[in-house]
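> Have a look at this one before I ask anything.
The values are calculated or read from the model by the stated rules, or taken from the named source; none is laboratory data. As the structure is a computational prediction, the values presented were derived from the model and not from experiment. No Cβ is skipped: glycine too gets one built from the backbone with ideal geometry, and neighbour counts run over all protein chains shown. These accessible areas exclude ligands, DNA and RNA; they are computed on the full protein's heavy atoms, side chains included. Shrake-Rupley method; radii C 1.70, N 1.55, O 1.52, S 1.80 Å.
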Amino acid sequence: MFVDSHCHLSFPELSVRIDEIRAAMATARVDRALCICTTLEEFPAVHALAMRYDNLWASAGVHPDSEGVREPTLADLVTLAGRARVVAIGETGLDYYRLDGRSVDSMAWQRERFRVHIRAALAIALPLVIHTRSASDDTLLILREEGAATAGGVFHCFTETQAVARAALDMGFYVSFSGIITFRNAAELREVARFVPLDRCLIETDSPYLAPTPLRGRTNNPSYVPFVAEQLAQIKKCSIETVAEVTSANFESLFKRASEPIDRVPSYEKLD
Ligand SMILES: [Zn+2]
Ligand SMILES: [Zn+2]
């Protein structure tokens, strides 16, 4: 059984097909998925998925690329993350890829938002789902300054260097690989994946984006995560069953609240 540790099932292109996707997941032996939140406005939809289906969970957070949305306070994040079925804070981090002509200096708001997420994760003792793109130095610096190692978490959709992976591992973080490791031009990233010990790896789709080879170009969904596992198995020279087993165990160790049964959720929580 496989776990998709990062998907966006609340996005409209996937949410309208939820029954079909859940059936495809069952066929592909993908028994669980973590639905990632990118804005406070989106949280109710993400949370509703986790409340409705016992194999889906939710995160609470505002993506670094989300602009023109409500800015989360520490209290906002702590409140939402305290809801049943919420197992992580994020996705959060830094993204200097889409500066659109702005300077890195002018992205102070992103760094401040990131710090607020880390403080929330520490306050409520939940792991962080980190998004970092073209900003690894500042990401690592802020994680260190804020003492994020205590909260732990995962660098999701990893595309950075081995040195960044080393730093993430040294802080106790997991590293999650997406369909990008199946892409023809991703030989360097496959080398990084070889370097990261399997017992610190997660797998994800980041759907609806980044459908793996041989399905590249399609709308991605959690039922495609075995293609990522298959690639990782080739890299690690082990069986796909081993990858499924170890990455599922890693998911459980990191997102501890995901082990709580849904029927223990108080009935007032189920109302929203
Ligand atoms: Zn991301
Ligand atoms: Zn994402």
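> Along its three principal axes, how long is the chain when you only count alpha carbons? Whole Å, largest extent first please.
Projected onto the principal axes, the Cα atoms of the chain cover 46, 43, 33 Å.
> Something else about it: For the pair residue 194 and residue 52, how long in nm is the line joining their label points, each one 7 Å along Cα→Cβ?
Distance between label points: 4.4 nm.
> Here is a follow-up. Can you compute the charge dipole magnitude of the chain about its Cα centre, using +1 on each Lys and Arg Cβ and -1 on each Asp and Glu Cβ, nothing else charged? Give it in debye, rounded to the nearest 20.
Details: 29 positive and 36 negative charges, 83 e Å.
With Lys and Arg at +1 and Asp and Glu at -1, about 400 debye.
> Then there's this: For the range 1-46, give the percent of accessible area contributed by carbon and sulfur heavy atoms, probe 1.4 Å, rounded to a whole number. Each step should come with its number before you reach the end.
Numbers: 1060 of 1740 Å².
Of all accessible area on the range 1-46, carbon and sulfur atoms account for 61 percent.
> For the range 185-248, give the percent of accessible area contributed by carbon and sulfur heavy atoms, probe 1.4 Å, rounded to a whole number. Could the numbers behind the result be given before it?
Working: 1440 of 2810 Å².
With neighbouring chains kept in place, the figure for the range 185-248 is 51 percent.
> Sticking with this one: Tell me, what is the per residue accessible area of the range 1-73 in Å², probe radius 1.4 Å? Mind showing how you got there, number by number?
Working: 2770 Å² over 73 residues.
Per residue, the range 1-73 has 38 Å² of solvent-accessible surface.
> Next question. Return the loop-located trypsin sites (Lys or Arg not before Pro) in the range 84-137 (DSSP other than H, G, I, E, B) with at most 10 other Cβ atoms within 10 Å of their own Cβ; answer none if there are none. If you can, show how the numbers build up before the last one.
Details: sites: 85, 98, 102, 111, 113, 115, 119, 133; in loops: 85, 98, 102.
Passing sites in the range 84-137 are 102.
> Follow-up. Which distance in nm do the two modelled labels at residue 13 and residue 125 give, with both placed 7 Å along the Cα-to-Cβ direction?
Result for the modelled spin labels: 4.0 nm.
> Please give, to one decimal in nm, the separation of the simple spin-label points placed at residue 112 and residue 141, each 7 Å out from Cα toward the Cβ.
Result: 1.7 nm between the two label points.
> Moving on. Just to make sure I understand: if all protein chains stay in place, what is the order of 171, 1 by accessible area at 1.4 Å, largest first? Each step should come with its number before you reach the end.
Details: 171 25, 1 110 Å².
Sorted descending by solvent-accessible area, the residues read 1, 171.
> Another question, if that's okay. Can you tell me the accessible area per residue over the range 145-209, all protein chains present, probe 1.4 angstrom, in square angstrom? Before the final figure, lay out the partial values.
Working: 2470 Å² over 65 residues.
Ligands and nucleic acids excluded, the result is 38 Å² per residue.
> Suppose R0 equals 25 Å. What FRET efficiency, 1/(1 + (r/R0)^6) with r the Cβ-Cβ distance, do residue 166 and residue 67 give to the nearest 0.05? All intermediate terms of the calculation are to be shown ahead of the outcome.
Numbers: r = 32 Å, r/R0 = 1.27.
For R0 = 25 Å, the calculated efficiency reads 0.20.
> Considering the dipole of the range 121-241 built from charges on the beta carbon (Lys and Arg +1, Asp and Glu -1) around the Cα centre, which of 189, 231, 128 is farthest to its positive end?
231
> About the Cα centre, and with charges only on the beta carbon of Lys, Arg (+1) and Asp, Glu (-1), how big is the dipole of the range 30-182? Nearest 20 debye, please. Show your work: numbers first, answer last.
Numbers: 14 positive and 19 negative charges, 68 e Å.
Value, rounded to 20: 320 debye.
> Oh, and also: Please list 184-190, 215-221 highest first by mean number of surrounding beta-carbon atoms within 10 Å per residue.
Result, highest mean first: 215-221, 184-190.
> What helices does the chain hold that run 20 Å or longer along their axis, going by alpha-carbon atoms, with a Kyte-Doolittle average of 0.0 or more, using DSSP H for the helix calls?
Values: long enough: 108-124 (24 Å, -0.12); 240-254 (21 Å, 0.41).
Flagged H segments are 240-254.
> Sticking with this one: Exactly which chymotrypsin sites (Phe, Trp or Tyr not before Pro) in the range 73-152 are in a DSSP loop and have at most 16 other Cβ atoms within 10 Å?
97
> Also, quick follow-up: Can you pull out the chymotrypsin sites (Phe, Trp or Tyr not before Pro) in the range 184-262 whose DSSP state is coil and whose Cβ has at most 16 other Cβ atoms within 10 Å? Numbers along the way, then the final one.
Numbers: sites: 195, 209, 224, 227, 251, 255; in loops: 209, 255.
Taking the range 184-262 and a limit of 16 other Cβ atoms within 10 Å, the loop chymotrypsin sites (Phe, Trp or Tyr not before Pro) found are 209.
> With +1 on the Cβ of every Lys and Arg and -1 on the Cβ of every Asp and Glu, and nothing else charged, how large is the dipole of the range 13-112 about its Cα centre, in debye rounded to the nearest 20? Intermediate values should be presented prior to the final figure.
Numbers: 11 positive and 16 negative charges, 87 e Å.
The dipole of the range 13-112 has a size of about 420 debye.
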